[in-house]
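Each remark here refers to the structure printed beneath this line.
The values are calculated or read from the model by the stated rules, or taken from the named source; none is laboratory data. Please read these numbers as outputs of a predicted model, since none were measured by experiment. Backbone-built Cβ (ideal geometry, glycine too); neighbour counts: all protein chains shown. In case anyone asks, the SASA skips ligands and DNA or RNA and just uses the protein heavy atoms, side chains included. Shrake-Rupley method; radii C 1.70, N 1.55, O 1.52, S 1.80 Å.
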Amino acid sequence: MKGIFPIHRFRELETPFYYYDTKVLRDTLAVINKEVAKYEKFSVHYAVKANANPKVLTIICESGLGADCVSGGEIRAAIKAGIPADKVVFAGVGKADWEINLGLDYGIFCFNVESVPELEVINELATAKGKIANVAFRINPNVGAHTHKNITTGLAENKFGISMADMDQVIDTALAMRNVKFIGLHFHIGSQILDMGDFVALCNRVNELQEKLYARQIIVEHINVGGGLGIDYAHPNRQPVPDFAAYFATYAQHLKLRPEQSAHFELGRAVTGQCGSLISKVLYVKQGANKQFAILDAGMTDLIRPALYQAYHKMENITSEEPVEAYDVVGPICESSDVFGKAIDLNKVHRGDLIALRSAGAYGEIMASGYNCREIPKAYTLDELV
Ligand SMILES: *Cc1c(COP(=O)(O)O)cnc(C)c1O
(Lines give C-alpha, C1' and ligand atoms only; values in the text may rest on other atoms or scores of the structure.)
Protein backbone atom coordinates (compact mmCIF):
# COMPACT_ATOMS: atom_id res chain seq x y z
CA MET A 1 0.00 0.00 0.00
CA LYS A 2 1.18 3.54 -0.74
CA GLY A 3 -1.11 5.52 1.49
CA ILE A 4 -4.61 4.18 1.10
CA PHE A 5 -4.30 2.02 -2.01
CA PRO A 6 -3.60 -1.74 -2.35
CA ILE A 7 -1.10 -1.15 -5.13
CA HIS A 8 0.17 -4.72 -5.45
CA ARG A 9 -3.39 -5.76 -6.30
CA PHE A 10 -3.84 -2.83 -8.68
CA ARG A 11 -0.82 -4.10 -10.62
CA GLU A 12 -2.74 -7.28 -11.50
CA LEU A 13 -5.75 -5.44 -12.93
CA GLU A 14 -6.48 -4.06 -16.38
CA THR A 15 -6.59 -0.29 -16.33
CA PRO A 16 -8.43 2.02 -16.25
CA PHE A 17 -10.80 0.96 -13.49
CA TYR A 18 -12.79 2.47 -10.67
CA TYR A 19 -11.79 1.64 -7.13
CA TYR A 20 -14.23 2.10 -4.25
CA ASP A 21 -12.85 2.36 -0.75
CA THR A 22 -15.73 0.66 1.01
CA LYS A 23 -14.37 1.68 4.41
CA VAL A 24 -14.71 5.36 3.48
CA LEU A 25 -18.23 4.64 2.17
CA ARG A 26 -19.28 2.85 5.36
CA ASP A 27 -17.75 5.59 7.55
CA THR A 28 -19.67 8.20 5.53
CA LEU A 29 -22.95 6.32 5.91
CA ALA A 30 -22.35 5.87 9.65
CA VAL A 31 -21.87 9.62 10.08
CA ILE A 32 -25.02 10.36 8.06
CA ASN A 33 -27.05 8.00 10.22
CA LYS A 34 -25.58 9.39 13.42
CA GLU A 35 -26.36 12.99 12.44
CA VAL A 36 -29.83 12.26 11.07
CA ALA A 37 -30.72 10.38 14.25
CA LYS A 38 -30.44 13.67 16.15
CA TYR A 39 -33.57 14.91 14.39
CA GLU A 40 -36.68 12.83 14.72
CA LYS A 41 -38.34 13.85 11.46
CA PHE A 42 -35.38 13.72 9.04
CA SER A 43 -34.79 10.97 6.53
CA VAL A 44 -32.33 10.54 3.67
CA HIS A 45 -32.82 9.13 0.18
CA TYR A 46 -29.58 8.43 -1.65
CA ALA A 47 -29.58 10.04 -5.13
CA VAL A 48 -28.89 6.95 -7.24
CA LYS A 49 -27.78 8.98 -10.24
CA ALA A 50 -24.48 9.78 -8.49
CA ASN A 51 -23.40 6.13 -8.56
CA ALA A 52 -25.53 3.07 -9.27
CA ASN A 53 -22.77 0.47 -9.05
CA PRO A 54 -24.51 -2.60 -7.54
CA LYS A 55 -21.76 -3.15 -4.95
CA VAL A 56 -22.03 0.47 -3.82
CA LEU A 57 -25.85 0.44 -3.83
CA THR A 58 -25.93 -2.73 -1.73
CA ILE A 59 -23.82 -1.10 0.99
CA ILE A 60 -26.02 1.98 0.90
CA CYS A 61 -29.11 -0.21 1.17
CA GLU A 62 -27.61 -1.99 4.22
CA SER A 63 -27.22 1.37 5.93
CA GLY A 64 -30.98 1.91 5.69
CA LEU A 65 -31.10 4.90 3.35
CA GLY A 66 -33.93 5.23 0.84
CA ALA A 67 -33.41 6.01 -2.84
CA ASP A 68 -34.03 9.08 -4.99
CA CYS A 69 -34.37 7.93 -8.60
CA VAL A 70 -34.60 9.90 -11.83
CA SER A 71 -35.43 7.08 -14.24
CA GLY A 72 -37.09 3.68 -14.44
CA GLY A 73 -33.65 2.11 -14.72
CA GLU A 74 -32.63 3.67 -11.44
CA ILE A 75 -35.82 2.44 -9.76
CA ARG A 76 -34.95 -1.08 -10.91
CA ALA A 77 -31.35 -0.74 -9.72
CA ALA A 78 -32.47 0.50 -6.30
CA ILE A 79 -35.02 -2.28 -5.84
CA LYS A 80 -32.54 -4.89 -7.05
CA ALA A 81 -30.03 -3.69 -4.44
CA GLY A 82 -32.69 -4.31 -1.79
CA ILE A 83 -34.02 -0.82 -1.15
CA PRO A 84 -37.72 -1.19 -0.31
CA ALA A 85 -40.15 0.45 -2.76
CA ASP A 86 -41.75 2.47 0.02
CA LYS A 87 -38.43 4.28 0.44
CA VAL A 88 -38.13 5.18 -3.26
CA VAL A 89 -38.93 8.63 -4.64
CA PHE A 90 -38.99 9.34 -8.36
CA ALA A 91 -38.08 12.75 -9.83
CA GLY A 92 -37.33 14.02 -13.33
CA VAL A 93 -38.78 16.45 -15.86
CA GLY A 94 -39.51 13.81 -18.48
CA LYS A 95 -40.93 10.63 -17.01
CA ALA A 96 -41.99 8.21 -19.75
CA ASP A 97 -45.26 6.26 -19.40
CA TRP A 98 -43.45 2.97 -18.82
CA GLU A 99 -41.42 4.57 -16.05
CA ILE A 100 -44.53 5.89 -14.32
CA ASN A 101 -46.16 2.46 -14.69
CA LEU A 102 -43.08 0.84 -13.19
CA GLY A 103 -43.28 3.17 -10.19
CA LEU A 104 -46.99 2.41 -9.81
CA ASP A 105 -46.43 -1.34 -10.04
CA TYR A 106 -43.73 -1.26 -7.37
CA GLY A 107 -45.83 1.07 -5.22
CA ILE A 108 -43.05 3.61 -4.71
CA PHE A 109 -43.34 6.16 -1.93
CA CYS A 110 -43.72 9.27 -4.06
CA PHE A 111 -43.56 10.79 -7.54
CA ASN A 112 -41.88 14.20 -7.53
CA VAL A 113 -43.95 15.87 -10.22
CA GLU A 114 -42.53 18.68 -12.34
CA SER A 115 -45.50 19.81 -14.50
CA VAL A 116 -49.29 19.67 -14.86
CA PRO A 117 -49.16 17.54 -18.04
CA GLU A 118 -47.09 15.00 -16.09
CA LEU A 119 -49.59 15.09 -13.21
CA GLU A 120 -52.39 14.36 -15.66
CA VAL A 121 -50.57 11.37 -17.09
CA ILE A 122 -49.81 9.98 -13.63
CA ASN A 123 -53.49 10.32 -12.69
CA GLU A 124 -54.53 8.62 -15.91
CA LEU A 125 -52.12 5.71 -15.57
CA ALA A 126 -52.95 5.27 -11.88
CA THR A 127 -56.66 5.25 -12.75
CA ALA A 128 -56.09 2.51 -15.31
CA LYS A 129 -54.41 0.40 -12.62
CA GLY A 130 -56.94 1.26 -9.93
CA LYS A 131 -54.16 2.73 -7.79
CA ILE A 132 -53.51 5.98 -6.01
CA ALA A 133 -50.14 7.62 -6.61
CA ASN A 134 -48.53 9.76 -3.93
CA VAL A 135 -47.27 12.96 -5.50
CA ALA A 136 -45.09 15.84 -4.37
CA PHE A 137 -44.62 18.95 -6.45
CA ARG A 138 -41.17 20.04 -7.35
CA ILE A 139 -41.24 23.77 -6.90
CA ASN A 140 -38.61 25.93 -8.52
CA PRO A 141 -37.71 28.20 -5.59
CA ASN A 142 -35.69 30.66 -7.69
CA VAL A 143 -32.78 30.31 -5.29
CA GLY A 144 -29.30 30.41 -6.80
CA ALA A 145 -26.45 28.26 -5.59
CA HIS A 146 -22.81 29.28 -5.56
CA THR A 147 -21.67 26.51 -7.82
CA HIS A 148 -20.97 25.81 -11.49
CA LYS A 149 -23.68 27.14 -13.86
CA ASN A 150 -24.29 23.69 -15.35
CA ILE A 151 -25.23 22.30 -11.94
CA THR A 152 -27.57 24.99 -10.63
CA THR A 153 -31.14 23.80 -10.93
CA GLY A 154 -33.26 26.11 -8.77
CA LEU A 155 -33.29 29.31 -10.80
CA ALA A 156 -36.35 30.49 -12.73
CA GLU A 157 -34.39 30.07 -15.98
CA ASN A 158 -33.74 26.33 -15.36
CA LYS A 159 -35.98 23.66 -16.87
CA PHE A 160 -36.76 22.04 -13.53
CA GLY A 161 -39.89 22.24 -11.44
CA ILE A 162 -43.07 24.28 -11.23
CA SER A 163 -42.84 28.02 -10.69
CA MET A 164 -43.88 29.41 -7.33
CA ALA A 165 -46.56 31.51 -8.99
CA ASP A 166 -48.25 28.36 -10.34
CA MET A 167 -48.02 26.37 -7.11
CA ASP A 168 -51.50 27.07 -5.74
CA GLN A 169 -53.21 26.27 -8.98
CA VAL A 170 -51.29 23.04 -9.45
CA ILE A 171 -52.17 21.92 -5.94
CA ASP A 172 -55.86 22.64 -6.62
CA THR A 173 -55.63 20.59 -9.80
CA ALA A 174 -54.18 17.66 -7.85
CA LEU A 175 -56.74 17.92 -5.07
CA ALA A 176 -59.49 17.53 -7.66
CA MET A 177 -57.98 14.33 -9.08
CA ARG A 178 -59.10 10.95 -7.78
CA ASN A 179 -56.03 8.83 -8.33
CA VAL A 180 -53.28 11.06 -7.04
CA LYS A 181 -52.67 12.03 -3.44
CA PHE A 182 -50.83 15.28 -2.84
CA ILE A 183 -48.39 14.63 0.01
CA GLY A 184 -45.44 16.93 -0.34
CA LEU A 185 -43.30 19.67 -1.77
CA HIS A 186 -39.94 19.02 -3.34
CA PHE A 187 -36.96 21.30 -3.99
CA HIS A 188 -33.43 20.89 -5.29
CA ILE A 189 -31.27 23.92 -5.96
CA GLY A 190 -28.08 22.46 -7.35
CA SER A 191 -25.00 20.43 -6.64
CA GLN A 192 -21.52 20.76 -5.09
CA ILE A 193 -22.81 23.39 -2.67
CA LEU A 194 -20.41 24.19 0.17
CA ASP A 195 -21.87 27.48 1.33
CA MET A 196 -24.47 26.68 4.01
CA GLY A 197 -25.96 30.11 3.24
CA ASP A 198 -27.41 28.65 0.03
CA PHE A 199 -29.33 26.07 2.05
CA VAL A 200 -30.46 28.78 4.49
CA ALA A 201 -31.83 30.73 1.51
CA LEU A 202 -33.75 27.63 0.42
CA CYS A 203 -35.15 27.14 3.94
CA ASN A 204 -36.35 30.75 4.03
CA ARG A 205 -38.09 30.32 0.70
CA VAL A 206 -39.73 27.05 1.80
CA ASN A 207 -40.92 28.72 5.01
CA GLU A 208 -42.53 31.53 2.97
CA LEU A 209 -44.33 29.05 0.72
CA GLN A 210 -45.48 27.06 3.71
CA GLU A 211 -46.97 30.19 5.29
CA LYS A 212 -48.96 30.79 2.11
CA LEU A 213 -50.28 27.22 2.16
CA TYR A 214 -50.98 27.40 5.86
CA ALA A 215 -53.17 30.42 5.22
CA ARG A 216 -55.23 28.11 2.99
CA GLN A 217 -55.22 25.45 5.71
CA ILE A 218 -53.02 23.17 3.68
CA ILE A 219 -50.37 21.33 5.67
CA VAL A 220 -48.07 19.31 3.50
CA GLU A 221 -46.85 16.12 5.19
CA HIS A 222 -43.47 15.90 3.50
CA ILE A 223 -40.93 18.58 2.73
CA ASN A 224 -38.17 17.29 0.48
CA VAL A 225 -35.27 19.71 0.23
CA GLY A 226 -33.25 17.73 -2.31
CA GLY A 227 -29.51 17.25 -2.11
CA GLY A 228 -26.52 19.23 -3.24
CA LEU A 229 -24.05 19.07 -0.37
CA GLY A 230 -20.57 19.33 -1.86
CA ILE A 231 -17.31 17.56 -1.11
CA ASP A 232 -13.72 18.72 -0.72
CA TYR A 233 -12.17 17.82 -4.08
CA ALA A 234 -8.87 19.46 -3.15
CA HIS A 235 -8.35 17.43 0.04
CA PRO A 236 -9.89 13.96 -0.20
CA ASN A 237 -7.65 12.63 2.57
CA ARG A 238 -8.10 15.51 4.96
CA GLN A 239 -11.87 15.49 4.61
CA PRO A 240 -13.06 12.08 3.42
CA VAL A 241 -16.43 12.54 5.14
CA PRO A 242 -18.33 15.76 4.39
CA ASP A 243 -19.59 17.94 7.22
CA PHE A 244 -22.99 16.34 7.65
CA ALA A 245 -23.28 17.72 11.19
CA ALA A 246 -23.29 21.30 9.87
CA TYR A 247 -25.55 20.38 6.95
CA PHE A 248 -28.35 18.81 8.97
CA ALA A 249 -27.99 21.40 11.77
CA THR A 250 -28.51 24.16 9.17
CA TYR A 251 -31.83 22.64 8.17
CA ALA A 252 -32.82 21.89 11.76
CA GLN A 253 -32.22 25.52 12.63
CA HIS A 254 -33.75 27.22 9.60
CA LEU A 255 -36.47 24.98 8.19
CA LYS A 256 -39.74 25.51 10.03
CA LEU A 257 -41.47 22.16 10.29
CA ARG A 258 -44.84 21.67 11.90
CA PRO A 259 -45.23 18.69 14.26
CA GLU A 260 -46.96 16.59 11.61
CA GLN A 261 -44.31 17.27 8.99
CA SER A 262 -41.15 15.39 8.09
CA ALA A 263 -38.12 16.49 6.10
CA HIS A 264 -36.46 14.46 3.36
CA PHE A 265 -32.98 14.85 1.94
CA GLU A 266 -31.61 13.52 -1.35
CA LEU A 267 -27.85 13.35 -1.06
CA GLY A 268 -25.78 11.92 -3.89
CA ARG A 269 -22.30 13.34 -4.26
CA ALA A 270 -21.78 13.72 -0.52
CA VAL A 271 -22.50 10.00 0.01
CA THR A 272 -20.30 8.38 -2.63
CA GLY A 273 -17.94 11.07 -3.97
CA GLN A 274 -14.95 10.58 -1.70
CA CYS A 275 -14.93 6.78 -1.67
CA GLY A 276 -14.10 6.44 -5.36
CA SER A 277 -10.94 6.83 -7.42
CA LEU A 278 -10.32 6.25 -11.09
CA ILE A 279 -7.08 4.31 -11.44
CA SER A 280 -5.28 4.64 -14.74
CA LYS A 281 -1.91 3.82 -16.25
CA VAL A 282 0.51 6.22 -17.90
CA LEU A 283 0.92 5.29 -21.54
CA TYR A 284 3.46 7.92 -22.54
CA VAL A 285 5.32 10.92 -21.22
CA LYS A 286 5.57 13.36 -24.09
CA GLN A 287 7.73 16.46 -24.19
CA GLY A 288 5.97 19.49 -25.66
CA ALA A 289 7.57 22.83 -26.64
CA ASN A 290 7.30 24.31 -23.16
CA LYS A 291 5.60 21.62 -21.11
CA GLN A 292 5.36 17.87 -20.69
CA PHE A 293 2.28 15.72 -21.03
CA ALA A 294 1.40 12.63 -19.05
CA ILE A 295 -0.84 10.66 -21.41
CA LEU A 296 -3.12 8.26 -19.52
CA ASP A 297 -5.11 5.25 -20.66
CA ALA A 298 -8.15 6.82 -18.95
CA GLY A 299 -9.97 9.66 -20.64
CA MET A 300 -13.16 11.69 -20.66
CA THR A 301 -15.14 8.57 -21.57
CA ASP A 302 -14.22 7.17 -18.14
CA LEU A 303 -14.52 10.40 -16.13
CA ILE A 304 -16.22 13.27 -17.93
CA ARG A 305 -16.47 15.83 -15.13
CA PRO A 306 -13.29 17.77 -16.03
CA ALA A 307 -14.36 18.05 -19.69
CA LEU A 308 -18.02 18.78 -18.88
CA TYR A 309 -17.77 21.13 -15.90
CA GLN A 310 -14.09 22.08 -15.78
CA ALA A 311 -14.11 20.05 -12.57
CA TYR A 312 -10.95 19.41 -10.61
CA HIS A 313 -9.94 15.95 -9.41
CA LYS A 314 -6.84 15.59 -7.30
CA MET A 315 -4.30 13.46 -9.14
CA GLU A 316 -1.59 11.33 -7.55
CA ASN A 317 1.16 9.19 -8.98
CA ILE A 318 0.76 6.25 -6.61
CA THR A 319 3.78 4.33 -7.91
CA SER A 320 6.54 6.96 -7.76
CA GLU A 321 8.30 8.69 -4.88
CA GLU A 322 10.62 10.74 -7.10
CA PRO A 323 10.68 14.56 -6.92
CA VAL A 324 7.63 16.36 -8.22
CA GLU A 325 7.40 17.80 -11.74
CA ALA A 326 4.56 19.59 -13.54
CA TYR A 327 2.53 17.80 -16.22
CA ASP A 328 -0.53 18.40 -18.33
CA VAL A 329 -2.46 15.23 -17.60
CA VAL A 330 -4.50 14.13 -20.61
CA GLY A 331 -6.48 11.18 -21.93
CA PRO A 332 -6.32 9.34 -25.26
CA ILE A 333 -9.67 10.52 -26.68
CA CYS A 334 -9.74 12.51 -29.89
CA GLU A 335 -11.15 15.66 -28.29
CA SER A 336 -9.23 18.74 -27.16
CA SER A 337 -11.30 18.83 -23.99
CA ASP A 338 -9.98 15.42 -22.96
CA VAL A 339 -7.72 16.98 -20.34
CA PHE A 340 -7.79 16.07 -16.64
CA GLY A 341 -5.64 19.00 -15.56
CA LYS A 342 -2.90 21.39 -16.62
CA ALA A 343 0.41 22.01 -14.83
CA ILE A 344 -0.38 19.29 -12.28
CA ASP A 345 2.38 18.44 -9.82
CA LEU A 346 3.07 14.71 -9.80
CA ASN A 347 5.93 12.61 -8.51
CA LYS A 348 8.11 12.11 -11.61
CA VAL A 349 6.11 10.12 -14.12
CA HIS A 350 7.22 7.08 -16.14
CA ARG A 351 5.44 4.90 -18.63
CA GLY A 352 3.50 2.27 -16.66
CA ASP A 353 3.00 4.36 -13.51
CA LEU A 354 -0.44 4.30 -11.92
CA ILE A 355 -2.24 7.61 -11.55
CA ALA A 356 -5.19 7.92 -9.16
CA LEU A 357 -7.87 10.50 -9.93
CA ARG A 358 -9.44 11.05 -6.54
CA SER A 359 -12.97 11.94 -5.38
CA ALA A 360 -14.43 10.16 -8.40
CA GLY A 361 -17.11 8.13 -6.63
CA ALA A 362 -19.96 10.42 -7.72
CA TYR A 363 -20.84 11.20 -11.35
CA GLY A 364 -17.83 9.14 -12.45
CA GLU A 365 -18.42 5.52 -13.43
CA ILE A 366 -22.13 6.18 -14.00
CA MET A 367 -21.37 8.81 -16.66
CA ALA A 368 -18.88 6.64 -18.56
CA SER A 369 -19.54 6.31 -22.28
CA GLY A 370 -18.45 4.11 -25.17
CA TYR A 371 -17.26 6.99 -27.33
CA ASN A 372 -14.32 6.00 -29.54
CA CYS A 373 -15.60 2.40 -29.12
CA ARG A 374 -14.02 2.26 -25.72
CA GLU A 375 -14.94 -0.21 -23.00
CA ILE A 376 -16.83 1.02 -19.93
CA PRO A 377 -14.33 0.76 -17.06
CA LYS A 378 -14.69 -2.06 -14.53
CA ALA A 379 -14.98 -1.37 -10.83
CA TYR A 380 -13.47 -3.03 -7.75
CA THR A 381 -13.95 -2.49 -4.05
CA LEU A 382 -11.55 -2.55 -1.12
CA ASP A 383 -13.54 -5.55 0.21
CA GLU A 384 -12.71 -7.54 -2.91
CA LEU A 385 -9.03 -6.63 -3.14
CA VAL A 386 -7.73 -7.09 0.39
C1 LIG B 1 -29.01 15.13 -8.73
C2 LIG B 1 -30.11 15.26 -7.76
C3 LIG B 1 -29.87 15.09 -6.40
C4 LIG B 1 -28.50 14.82 -5.83
O5 LIG B 1 -27.62 15.86 -5.96
P6 LIG B 1 -26.19 15.80 -5.26
O7 LIG B 1 -25.58 17.10 -5.57
O8 LIG B 1 -25.44 14.67 -5.84
O9 LIG B 1 -26.41 15.64 -3.78
C10 LIG B 1 -30.94 15.21 -5.55
N11 LIG B 1 -32.19 15.44 -6.00
C12 LIG B 1 -32.45 15.61 -7.30
C13 LIG B 1 -33.85 15.86 -7.73
C14 LIG B 1 -31.43 15.52 -8.23
O15 LIG B 1 -31.70 15.69 -9.52
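Conditions tested, residue by residue: (1) among the basic types (K, R); (2) open to solvent by 10 Å² or more (accessible area, probe 1.4 Å).
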{"site": "A263", "(1), (2)": "no, no"}
{"site": "A270", "(1), (2)": "no, no"}
{"site": "L278", "(1), (2)": "no, no"}
{"site": "L283", "(1), (2)": "no, yes"}
{"site": "K291", "(1), (2)": "yes, yes"}
Boolean, I376 is modelled with pLDDT of 95 or more, within 16 Å of the ligand (Cβ to nearest atom) and surrounded by fewer than 21 Cβ atoms within 10 Å (Cβ to Cβ): no
P54 - would you say it is open to solvent by 40 Å² or more (accessible area, probe 1.4 Å), under 26 Å from G361 (Cα atoms) and more than 12 Å from the ligand (Cβ to nearest atom)? yes
Can you go through A326, A360 and tell me which one is at pLDDT 95 or above, small (G, A, S), part of a loop (DSSP other than H, G, I, E, B) and under 22 Å from Y233 (Cβ atoms)? A360
Could you grab the pairs with beta carbons closer than 7 Å, sequence gap of 6+ or different chains, first residue in the stretch 77-95 and free of Cβ contacts under 8 Å to residues at least 60 places away in the same chain, second one within 16 Å of the ligand (Cβ to nearest atom) and open to solvent by 40 Å² or more (accessible area, probe 1.4 Å)? D86/F109; K87/F109; V88/F109; G92/V70
Please verify whether K49 is away from the ligand (no atom under 15 Å from the Cβ), among the basic types (K, R) and either out of contact with any strand residue (DSSP E or B) (no Cβ under 8 Å at 6 or more places or on another chain) or in contact (Cβ under 8 Å) with a residue 12 or more places away in the chain (or both), treating the condition exactly as stated. no
What are the residues in the stretch 78-125 that are away from the ligand (no atom under 16 Å from the Cβ) and not in a helix (DSSP H, G or I), if any? A81, G82, P84, A96, G107
Only one of these is farther than 27 Å from Y371 by Cβ, open to solvent by 30 Å² or more (accessible area, probe 1.4 Å) and at pLDDT below 95: P259, P240. Name it. P259
Quick one: in the stretch 235-276, of everything that is part of a loop (DSSP other than H, G, I, E, B) and under 18 Å from G190 (Cβ atoms), which residue is nearest to the ligand (Cβ to nearest atom)? G268
Is there a residue in the stretch 302-313 that is farther than 30 Å from I223 by Cα and in a strand (DSSP E or B)? no
Residue count, the stretch 350-369, condition open to solvent by less than 10 Å² (accessible area, probe 1.4 Å) and within 16 Å of the ligand (Cβ to nearest atom), comes to 5
